[in-house]
Amino acid sequence: GSIAQCSLRLGRHRELVSDLSTWVEEHPLHETFREQLMLALHRSGRRADALRVFQSTRSTLREELGLEPGETMRRLQNAILHEDTGYAIAG
């Protein structure tokens, strides 16, 4: 988790997509990995894929826990939808 955050801050988003995808598969309810994957995809120019991660997260959390994604993930989704690069870059 923290390694991914450091790599995201250093601009290594493309390198992280594969690792984060694996971590999400291994830990499907770990929302932070999913947020980091969304951010890495978005920063790699893969906006649609980032938004699909949000939808997948929403479905998984609803089915498994009866919950919605947390506020941080919803804010990230909103920033991606509205092309708010300030949030996406700082996140």
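Dividing the C-alpha radius of gyration of segment 21-68 by 2.2 N^0.38 Å, with N its residue count, gives 1.08. In the assembled protein chains, VAL17 presents an accessible area of approximately 20 Å² (probe radius 1.4 Å). The mean sequence separation of alpha-carbon pairs under 8 Å and at least six residues apart, normalised by the residue count of segment 19-67, gives a relative contact order of 30 percent.
Residues HIS27, HIS82, HIS42, ordered by accessible area of protein heavy atoms at a 1.4 angstrom probe radius and largest first, appear as HIS82, HIS27, HIS42.
The values are calculated or read from the model by the stated rules, or taken from the named source; none is laboratory data. This is a predicted model, so every value here is computed, not measured. What goes into the accessible areas is simple: the full protein's heavy atoms, side chains included, and nothing from ligands, DNA or RNA. Shrake-Rupley method; radii C 1.70, N 1.55, O 1.52, S 1.80 Å.
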